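Okay, structure first, notes after.
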């Protein structure tokens with residue numbers, strides 16, 4: 001298995017980061033959302049705009065010199081975790097989650113929180129396997145497709161210095 005390297009995103013990573021989001025949108029979300037929601041995503045370049053706005057805050061996983069995934073968190077909330085399809089099942093997502101959890105704990109937070117939708121069973125399996133517990137369910141307003149969002153929480157050991 002190839003070594004996973006974690007680091008902060010650099011401006012040279014922007015095209016690869018956009019590609020990761022495009023790929024995960026097409027593979028994970030597009031089969032489940034309405035045609036109108038998919039068209040809106042593409043026409044307004046939601047993923048591209050997200051990278052343009054937040055790339056400085058992203059951590060990436062690199063495998064064999066290529067961007068394999070990304071993670072973004074604010075305070076104790078993990079905003080986004082995306083892993084390229086050809087790197088799923090290789091520990092990339094787990095490495096990204098562990099990295100974010102360490103940073104969240106070091107910032108003094110006692111838990112990490114994240115969300116996914118009920119149809120995203122692969123993500124739910126990873127979250128449960130890494131210690132996350134379902135805490136709530138509520139309507140997902142983002143996609144206008146009748147989804148239910150699942151909130152997961154994981155207790156963290158706060159690092160004291």
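Right, residue 68: outside any helix (DSSP H, G or I), in contact with a helix residue (DSSP H, G or I) (Cβ under 7 Å, 6 or more places away or on another chain) and closer than 30 Å to residue 34 by Cα or not?
Yes: the conditions hold for residue 68.
Do we have residue 96 as crowded, with 20+ Cβ neighbours inside 10 Å, modelled with pLDDT of 95 or more and either in contact with a helix residue (DSSP H, G or I) (Cβ under 6 Å, 6 or more places away or on another chain) or not in a loop (DSSP other than H, G, I, E, B) (or both) here?
Yes: the conditions hold for residue 96.
So, in the range 59-91, of the ones that are under 11 Å from the mean Cα position of the chain (by Cα) and within 11 Å of residue 6 (Cβ to Cβ), which residue ends up surrounded by the most Cβ atoms within 10 Å (Cβ to Cβ)?
The selected residue is 71.
Take the conditions touching a strand residue (DSSP E or B) at 6+ places or on another chain (Cβ under 9 Å) and farther than 24 Å from residue 132 by Cβ and apply them to residue 62. Does it pass?
Criteria met by residue 62.
Answer yes or no: is there a residue in the range 7-20 that is surrounded by fewer than 15 Cβ atoms within 10 Å (Cβ to Cβ), touching a residue at least 40 places away in the same chain (Cβ under 8 Å) and part of a strand (DSSP E or B).
The answer is yes, given that some residue of the range 7-20 is surrounded by fewer than 15 Cβ atoms within 10 Å (Cβ to Cβ), touching a residue at least 40 places away in the same chain (Cβ under 8 Å) and part of a strand (DSSP E or B).
Restricting attention to the range 109-161, which residues are assigned to a helix (DSSP H, G or I) and either touching a strand residue (DSSP E or B) at 6+ places or on another chain (Cβ under 7 Å) or surrounded by fewer than 17 Cβ atoms within 10 Å (Cβ to Cβ) (or both)?
121, 122, 123, 124, 125, 127, 128, 129 - these are the residues of the range 109-161 that are assigned to a helix (DSSP H, G or I) and either touching a strand residue (DSSP E or B) at 6+ places or on another chain (Cβ under 7 Å) or surrounded by fewer than 17 Cβ atoms within 10 Å (Cβ to Cβ) (or both).
Residue check: is residue 51 farther than 22 Å from residue 118 by Cβ, touching a residue at least 24 places away in the same chain (Cβ under 8 Å) and out of contact with any strand residue (DSSP E or B) (no Cβ under 6 Å at 6 or more places or on another chain)?
Considered against the rule, which asks whether it is farther than 22 Å from residue 118 by Cβ, touching a residue at least 24 places away in the same chain (Cβ under 8 Å) and out of contact with any strand residue (DSSP E or B) (no Cβ under 6 Å at 6 or more places or on another chain), residue 51 comes out as yes.
Given the conditions (1) surrounded by fewer than 22 Cβ atoms within 10 Å (Cβ to Cβ); (2) assigned to a helix (DSSP H, G or I), report the number of the one that residue 104 does not fulfil.
Of (1) surrounded by fewer than 22 Cβ atoms within 10 Å (Cβ to Cβ); (2) assigned to a helix (DSSP H, G or I), only one is false for residue 104: (1).
The values are calculated or read from the model by the stated rules, or taken from the named source; none is laboratory data. Everything numeric in this text was worked out from a predicted model, so none of it was measured. For neighbour counting, all protein chains shown are included, and Cβ atoms are generated from backbone atoms with ideal geometry for every residue, glycine included.
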